[in-house]
Amino acid sequence: MTFATLGLIEPLLRSLETLGYQTPTPVQAQAIPAVLAGRDLMAAAQTGTGKTAGFALPLLQLLAMEGPKVTANSVRALILVPTRELAEQVHEAVRQYAENLPLRTYAVYGGVSINPQMMKLRSGVDLLVATPGRLLDLFRQNALKFNQLQTLVLDEADRMLDLGFSEELANIYRALPSRRQTLLFSATFSDDIRLLAGQMLNDPLSIEVSPRNVAANTVKQWIVTVDKKRKPELFVHLMRKGKWKQVLVFAKTRNGVDALVEKLQGLGINADGIHGDKPQATRQRALDRFKASDVQILVATDVAARGLDIEDLPLVVNFDLPIVAEDYIHRIGRTGRAGSTGEAISLVCADEVNLLSAIEMLTRQTLKRQNEPDFEPEHRVPDTDASGQVVKKPKKPKKPKASGGGGKRNLGKWVDSGEVAPAEPSIKPVRKVPVFNTGPRKRKP
Ligand code: AMP
């Protein structure tokens with residue numbers, strides 16, 4: 001199969017040739033003809049599958065071939081994304097695909113001045129990539145109109161809900177014309193996502209490209225167990241032993257990011273960090289320097305790292321396991337992209353056993369343990385497997401008290417299976433519901 005047989009027009013084919021895309025990925029093979037035919041889509045596709053081109057290419061084609069010229073302050077296609085980094089990344093991809101088309105594209109997001117964005121929107125844009133909060137601000141200040149809107153894309157919809165954007169999405173939804181094409185992409189399909197899909201999509205085609213929630217199989221994954229307080233030391237040890245060159249490291253909190261960066265820099269290691277407390281310009285600079293290999297170790301929170309697209313990133317290290325198991329898939333999706341191989345190493349302490357178990361259940365695999373001599377933990381990490389069982393070691397027998405009543409105790413394995421998140425069911429048909437009901441707003445670090 002080629003991109004030409006999917007029905008893409010010549011200017012797009014030329015851009016793809018420049019980019020070196022030869023064969024459509026599975027999500028592209030399914031999404032491109034469906035979008036060109038005007039269908040709504042509900043696609044389960046994780047990052048790294050080529051989903052961006054899957055929606056952007058047919059969208060650009062429809063914009064180029066159909067519909068009126070864009071008028072002042074109007075937008076014809078809108079791509080909503082959860083973070084600024086992803087907005088930049090998606091827009092960059094769109095810009096490359098649209099290189100040979102007479103279309104105006106732009107990206108807007110918070111954390112930067114709104115005025116230049118308002119100026120830019122004055123003449124109207126064909127395709128706008130936006131984070132929900134900034135989009136609403138622009139709309140409320142009359143910098144944007146949706147009367148010409150023909151297509152809406154929700155990219156990483158699960159992440160938008162995780163980040164507490166359900167209210168913004170509901171408000172945006174109310175402002176959009178009801179006749180439009182809608183495409184929803186999500187790595188996972190929780191009940192909340194199905195509610196959102198039920199509200200926003202019209203007779204959607206469901207696409208599932210790889211077994212859902214199964215991490216990219218081009219990534220070699222393993223864990224090292226260690227006591228919590230020795231994680232920084234172990235990290236430095238592994239880094240030197242493995243002669244790591246370019247590593248993306250995930251820490252759970254902003255403070256965790258800062259502490260690790262400080263520690264590494266104190267050892268003369270070329271490290272930098274990104275998290276939500278840092279201004280956008282600082283984050284972008286750190287990212288650019290990491291991409292250019294001027295920074296060796298980039299430490300990030302999940303939110304800040306969302307949407308990072310770095311070619312051939314060889315290694316991802318989970319300094320802390322993520323609280324939400326799905327984030328594990330997003331994290332390791334930074335390596336082993338588009339066919340290349342990668343490695344993901346997690347440093348796991350006893351406190352994190354239930355997080356580990358939830359990840360193994362979600363990815364349906366038991367992560368290989370590799371002990372590091374001299375770092376064996378004093379607080380042992382109980383055995384886990386993909387069934388969700390956390391197997392605690394039998395407790396040491398206490399000395400029987402002199403007063404008797406002892407007898408033999410049952411020292412069998414204690415199985416604690418109730419504490420881990422259940423695996424999600426597979427995609428169910430969407431339900432039509434009258435209102436959003438996506439739970440309380442919660443923002444993550
Ligand atoms: P995405 O899942 O959209 O983030 O894409 C992951 C990476 O794969 C990006 O770096 C794309 O440029 C690249 N990519 C997407 N489609 C193709 C393709 N058909 N051939 C080669 N690379 C691709």
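The values are calculated or read from the model by the stated rules, or taken from the named source; none is laboratory data. Note that the coordinates shown come from a computational prediction; the quantities given were computed from them, not determined experimentally. Positions of Cβ are backbone-derived with ideal geometry, glycine not excepted, and every protein chain shown enters the neighbour counts. The accessibility values were calculated without ligands, DNA or RNA, using every heavy atom of the protein model including side chains. Shrake-Rupley method; radii C 1.70, N 1.55, O 1.52, S 1.80 Å.
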Notebook entry, point to check: Residues of region 274-302 being of a type in the set (D, E, K, R) and assigned to a helix (DSSP H, G or I), which ones?
Noted result: Arg283, Arg285, Asp288, Arg289, Lys291, Asp302
Next item on the list: Go through (1) assigned to a helix (DSSP H, G or I); (2) within 14 Å of the ligand (Cβ to nearest atom) one by one and return the number of the condition Leu63 breaks.
Entry: (2)
Item checked: Filtered residue count, region 19-42, keeping only those that are near the ligand (Cβ under 7 Å from one of its atoms), polar (S, T, N, Q) and either buried (at least 19 other Cβ atoms within 10 Å of the Cβ) or not assigned by TED's automatic domain parsing to the domain that holds Leu8 (or both) -> 2
Note to self: So in region 230-284, with the set limited to residues that are modelled with pLDDT of 95 or more and among the aromatic types (Phe, Trp, Tyr), which one is farthest from Pro373 (Cα to Cα)?
What the structure shows: Phe250
Next item on the list: Have a look at Val249, Val224 and point out the one that is open to solvent by less than 10 Å² (accessible area, probe 1.4 Å), part of a strand (DSSP E or B) and touching an Asp or Glu at 6+ places or on another chain (Cβ under 6 Å).
Entry: Val224
Notebook entry, point to check: Considering only region 177-199, how many residues are polar (S, T, N, Q) and over 19 Å from Asp327 (Cβ atoms)?
Noted result: 4
Note to self: Return the residues of region 331-365 that are within 16 Å of the ligand (Cβ to nearest atom), assigned to a helix (DSSP H, G or I) and either modelled with pLDDT of 80 or more or open to solvent by less than 10 Å² (accessible area, probe 1.4 Å) (or both); say none if nothing qualifies.
What the structure shows: Arg331, Ile332
Next item on the list: May I ask you to list pairs of residues, at least six apart or on different chains, whose Cβ atoms are under 7 Å apart, with the first in region 1-30 being closer than 22 Å to Ala45 by Cα and aliphatic (A, V, I, L, M) and the second being away from the ligand (no atom under 12 Å from the Cβ) and open to solvent by less than 80 Å² (accessible area, probe 1.4 Å)?
Entry: Leu6/Pro33; Leu8/Gln61; Val27/Ile207
Check: Within the bounds of region 3-10, is there any residue that is within 13 Å of the ligand (Cβ to nearest atom), open to solvent by 20 Å² or more (accessible area, probe 1.4 Å) and on the phi > 0 side of the Ramachandran plot?
Finding: no
